[in-house]
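Written below as structure tokens is the structure these notes are about.
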């Protein structure tokens, strides 16, 4: 997805929200580029909804400044004008007690658009979201998926410059959710709308977003492309949230050029990085990067780390399985069902686990 | 027993021939209570919506005051309106005592808290995020309030019916401030009291039947509203 490299479409500075004496959101700086899809991920209570509401000026009072296309949004008039360029979709469809057509038209009626133009736009959106056949149905009779499509169509009808979604798929059952995410993906590719969406489901974020911001306790811990954030989490919280299953604490005992050796529970792990001798480090290893082998011969391989370990537990996760190992330190690997069968991996079996030095991320902790 | 049967026979005769006095009383009832309901609608819905949507210290007290007002005894209302309109009272100069206008005032005071209270509950029952959703679609505050009222139109209609039902059948305040003057401030309820005390059961029964029909009519509408309201 190509991005407009010029000025950011939205910039938020020193955004702070207080409630009951405590600061529940503090984001010093956030820039959104035109046409990008930014995902805010984090656990419940992380501040994602608060940030969305602050960005759309639905929440007040709050401190901070918002710049839309380079211009500051401050007076009541400009706030209102700014808000008219946005649209927000919530977890609940929040439809009005009327037909699907009237619901999708509501944003346009609010803007005093002509009836003929409204009709054209509404039909376009109903088509896009595959709900034309529901045009005259009462909103009360819709299923969860149909209602959420109507809510999205309603938002798209006003052709917003920025679309904000607050966990829009969270209330849907998996097949409905998958179908809607797929449709939304295509629609966003067509419209190139700038989107900021909040979710606690990292696979959604991975699928749809150009950039991910991991939030917790009202702050953004890390922001970057999904690859960056998933493979190079900056701390343990981000690591565990994005699905790093092995997080180990160790001490640097030897330095080489470009790599170092860390002592973890008696084992030595070689890691790419630049650290100081004696430093304590926290290491993250993604389970997809761990390979298991039952061969007893020493192989010529580029993987610097090879350990014998016992399989403690195998947990099926649908398309693959999670294997928990004890190699002197706890290690988690993902293995396909196929490989599991081929290698006859069972609980209690001894296997060889290997991973590259480049597959280990260092979250530097402190001096010893 | 004869008394009753005679009374019912004559009552039907009065109704079927559209006896002018009975019709006049009915018309005045509808005018007075209709006007009172209309005014209480305007005041009640606007304040009810305002209170429902705002956040302020003392909101709980205001809400319980409104709810208490819903159960205000009509005779007490009659008492205070009488005092206010009494010749030497604060508004005595307007000479409104024992006029239909006074009755409208009293009935408005009775109906307004009812409309206010039900409106408050109806708006508060709407999904909390609906307000945000409407604003995020680009509505001005005024547009938002209007859309919320439309969303709550069924319970609001019930509020209006409840208000009207409360005052059309009210007798205490209406007698006290209206005076039950023939052809001027005599309404269904006050006339029934008078005719009954005089033993004119035919007229009293006729008026009673009309009141019953009105009560039934209101109830019919309320039931239709209830049946149409299904949870979303």
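Quick note: the coordinates plus some simple rules give every number you see, no bench work behind them. Please read all numbers here as calculations on a predicted model, not as lab measurements. Using ideal geometry, Cβ is built from the backbone for each residue, glycine included, and neighbour counts are taken over all protein chains shown.
Figures for the structure shown
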read-out: Chain A: relative contact order in percent, alpha carbon pairs under 8 Å with at least 6 residues between; value: 15
read-out: Sites residue B:157 and residue B:54 - FRET efficiency at Förster radius 25 Å, r taken between beta-carbons, to 0.05; value: 0.60
read-out: Test item: A:52-58 mean partner chain Cβ contacts at 10 Å; value: 2
read-out: Simple spin-label estimate for residue A:183 and residue B:13 in nanometres, 7 Å along Cα-Cβ; value: 7.1
read-out: Helix-only [θ]222 nm of chain A, DSSP H runs n ≥ 4, -39500 (n - 2.57) each, per residue, nearest 500; value: -8000 deg cm²/dmol
read-out: Ascending count of other beta-carbon atoms within 10 Å, so fewest first, for B:194, B:176, B:50; value: B:50, B:194, B:176
read-out: Computed over the protein assembly as shown, Cα set: Rg, Dmax in Å; value: 35.8, 119
read-out: Part-to-part distance (alpha-carbon centres) for region A:258-310 and region B:8-42, which is given in Å; value: 94
read-out: FRET efficiency, residue A:77 to residue A:170 (Cβ-Cβ, R0 41 Å, nearest 0.05); value: 0.75
read-out: Pairwise label distance in nanometres, residue B:197 with residue A:338, each label 7 Å out on the Cα-Cβ vector; value: 9.9
read-out: Distance in nm between pseudo-label sites at residue A:313 and residue A:98 (7 Å out along the Cβ direction from Cα); value: 5.4
read-out: Cα gyration tensor category, rounded, prolate or oblate, for region B:66-135 with a/c compared to 1.5; value: prolate
read-out: Principal-axis tilt of helix A:144-157 within chain A, Cα atoms, nearest 10 degrees; value: 60
read-out: Backbone N within region A:82-113 under 19 Å of label point (7 Å from residue A:143 Cα along the Cβ vector); value: A:92-95, A:100-101
read-out: Peptide-level mean, for B:138-149, of C-beta atoms on other protein chains within 10 Å; value: 3
read-out: Percentage relative contact order, region B:2-228, counting C-alpha pairs under 8 Å, at least six apart; value: 32
read-out: Neighbour-count ranking [beta-carbon atoms within 10 angstrom, fewest first] of B:132, B:5, A:331, B:79; value: B:5, B:79, B:132, A:331
read-out: Two-decimal ratio, region A:10-240, of alpha-carbon radius of gyration to 2.2 N^0.38 Å; value: 1.02
read-out: Cα long-axis angle, helix B:74-85 against chain B (0 to 90 degrees, to the nearest 10); value: 90
read-out: Shape call, region A:256-368: gyration tensor on alpha carbons, a/c limit 1.5; value: prolate
read-out: Antiparallel DSSP beta bridges within chain A, percent to nearest 5; value: 80
read-out: Nearest-ten-degree value, helix B:59-69 long axis tilted from longest Cα axis of chain B; value: 10
read-out: Cα centroid of region A:57-125 to Cα centroid of region B:193-232, whole Å; value: 47
read-out: Rounded to 5, the percent of DSSP beta bridges in region A:148-263 classed as antiparallel; value: 65
read-out: Taking region A:228-336 and dividing mean pair separation by its residue count, relative contact order in percent (alpha carbons under 8 Å, at least six apart); value: 22
read-out: Among A:35-44, B:121-130, B:161-170, the order from most to least packed when residues are scored by Cβ within 10 Å on average; value: B:161-170, A:35-44, B:121-130
read-out: Likely footprinting exposure, A:116, A:280, A:246, fewest C-beta neighbours within 10 Å first; value: A:116, A:280, A:246
read-out: Peptide A:95-101, shielding by other chains (average Cβ, 10 Å cutoff); value: 3
